[in-house]
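Trainee: Below is one structure. I have some questions about it.
Values quoted throughout were computed directly from the atomic coordinates according to the rules given, and no laboratory measurement underlies them. Predicted, not measured: the structure shown is a model, and the values here were computed from it. Don't worry about glycine lacking a Cβ; one is built from the backbone with ideal geometry, like all the others, and counts go over all protein chains shown.
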Amino acid sequence: MLWNSGEDKMIKGFILSIQFFSRIPINIKVDFNEKNIRYCIFFMPLVGAIIAALASIIYYLIEPYNKLIASFLTLLLTIILTGGLHIDGLADTFDGFFANKDRQKTLEIMKDSRIGTFGVLSIVLHVIFIYVLMMSIENLPLILILSFFNSRLVSSIIISYKKSAKSDGLGILFHKSNPGKMILTTMISYLIILILVDIKYIIPFAINYALAEVISLISYKKIDGLTGDVYGAIIELGVAVSLFSFWSVMTWI
């Protein structure tokens, strides 16, 4: 059967990616082992695109009548479909990094389930900015899909090639799964597609990647590596900067 053949790794990885990175219900048990995690990370950009595509259905249905409501419900659905997973990482990262403590204390703050002032501010400002961008962009569904794909592809590259700040936790599990070669193949294929569709679309991806490198540099200085929370922050901020870059490209170029 296919489940026991060579393709089962990809199928299991895809299912695990949906189960872990979204709240799309798939009631199939998949082992959380290194091979499945590797494919889980590989499929993370696709899962992001699927989330954006599902949310865009609401936009298509409501936007002809009211763009404000359509943008709000689209944003709300993206949060629901991700379960707020990456926004939680964004808040924890801001709480930790802006506390200006030493490495160990910063990690403790990031691990704390309670949210602080900087975490609240990061969520509020981030969500407002995304909402404003959604209202400002024409042909939002395509741009939203590309932005979700961009942010998760960039994050998967960072997961593959940046060191983990801790010896335990999800961050080190993702890093040790070693998805690097697969992710590079995806990136090359994706860039070729962007060139064929519209070469200007490479700009948001490049800016997204540059932001991730800056965040990684800050994370190295703060905690000597990256964690799952930082990956989440890279994804969330990546969506914002990608949407803003697409808006800028379509407005000025």
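Trainee: Express in whole angstrom the spacing between the alpha-carbon centres of region 1-67 and region 164-211.
Mentor: 17 Å
Trainee: What is the Å³ per residue value for the convex hull set by the Cα atoms of region 138-253?
Mentor: Values: hull volume 10.3 nm³, N = 116.
For region 138-253, the hull spanned by Cα atoms encloses 88 Å³ per residue.
Trainee: Using a basic spin-label model with each label point 7 Å from the Cα along Cα→Cβ, how many nm lie between VAL127 and LEU54?
Mentor: Rounded to a tenth, the inter-label distance reads 1.9 nm.
Trainee: Now for a different question. Label SER189 and LYS9 with points 7 Å out from Cα along Cα→Cβ: what is the distance between them in nm?
Mentor: The answer from the label model is 1.5 nm.
Trainee: Right, another one. For the chain, which DSSP H helices look membrane-span-like by this rule: Cα extent along the axis of 20 Å or more and mean Kyte-Doolittle of at least -1.0?
Mentor: Numbers: long enough: 44-62 (28 Å, 2.20); 67-82 (23 Å, 2.13); 117-136 (29 Å, 2.19); 140-161 (31 Å, 1.65); 180-197 (25 Å, 2.11); 202-223 (31 Å, 1.20); 228-252 (35 Å, 1.20).
Qualifying helices: 44-62, 67-82, 117-136, 140-161, 180-197, 202-223, 228-252.
Trainee: Fewest to most neighbouring Cβ within 10 Å: what's the order for PHE205, PHE20?
Mentor: Values: PHE205 24, PHE20 19.
Lowest count first: PHE20, PHE205.
Trainee: Could you work out the local net charge near THR251, counting Lys and Arg as +1, Asp and Glu as -1, over the other residues with Cβ closer than 15 Å to its Cβ? Each step should come with its number before you reach the end.
Mentor: Numbers: positive: LYS200; negative: GLU138, ASP198.
My count for the surroundings of THR251 gives -1.
Trainee: Connecting C-alpha atoms closer than 10 Å in a GNM of the chain, tell me which of SER136, SER147, SER189 has the biggest fluctuation.
Mentor: SER189
Trainee: Among the listed pairs LYS111/LYS176; LYS101/LYS176; LYS101/LYS200; LYS35/LYS111; LYS9/LYS221, give every one whose C-alpha distance is greater than 31 Å. Provide the component values of the computation, followed by the final result.
Mentor: On the way: LYS111/LYS176 21 Å; LYS101/LYS176 28 Å; LYS101/LYS200 41 Å; LYS35/LYS111 27 Å; LYS9/LYS221 36 Å.
Pairs exceeding 31 Å: LYS101/LYS200; LYS9/LYS221.
Trainee: Give, as a single signed number, the net charge of other residues whose beta carbon lies under 12 Å from the beta carbon of PHE43, with Lys and Arg counted +1 and Asp and Glu -1. Intermediate values should be presented prior to the final figure.
Mentor: Numbers: positive: LYS9, LYS12, ARG38, ARG152; negative: none.
Net local charge, PHE43 excluded: +4.
Trainee: Tell me the trypsin sites (Lys or Arg not before Pro) within region 10-64 that lie in a loop according to DSSP and have at most 12 other beta-carbon atoms within 10 Å.
Mentor: Details: sites: LYS12, ARG23, LYS29, LYS35, ARG38; in loops: ARG23, LYS29.
For trypsin sites (Lys or Arg not before Pro) across region 10-64 that sit outside H, G, I, E and B with at most 12 neighbouring Cβ atoms in 10 Å, the list reads LYS29.
Trainee: For the chain, modelled as a Gaussian network with Cα springs under 10 Å, which listed residue fluctuates most, LEU46, LEU76, LEU90?
Mentor: Answer for the Gaussian network model of the chain: LEU76.
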